[in-house]
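Working notes, structure below.
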Amino acid sequence: MRKSERARLRNLKRKEAIRRVIRQIRKYLTAGQKAEAAALLPQLAKAVDKAAARGAIHQNKAARLKARWMKLIAQAA
């Protein structure tokens, strides 16, 4: 297997981890469960930071994702 293919699969796993947490947060927000959504924020931050540190996503995108989701959860009432 090519090195680039292995890296692509690793990056894909990291991005999927982010998407998985975002799906859970979105599910809780649509159900009106703000506390449960807020409890997932550290999990989201960890997945995003890990992906950015390993180069799967850009650091600015990581910051943008965290800021947007924190803002959305804070606004949900």
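Read-outs: derived from the displayed coordinates by stated rules, not from any lab. These figures come from a predicted structure and were not determined experimentally. Here the Cβ positions follow ideal geometry from the backbone for every residue, glycine too, while neighbour counts run over all protein chains shown.
I'd like to check something: does the range 28-42 contain any residue that is free of Cβ contacts under 8 Å to residues at least 12 places away in the same chain and within 10 Å of the chain's Cα centre (by Cα)?
yes
Of the residues in the range 20-60, how many are more than 15 Å from LYS71 (Cα to Cα) and not in a helix (DSSP H, G or I)?
8
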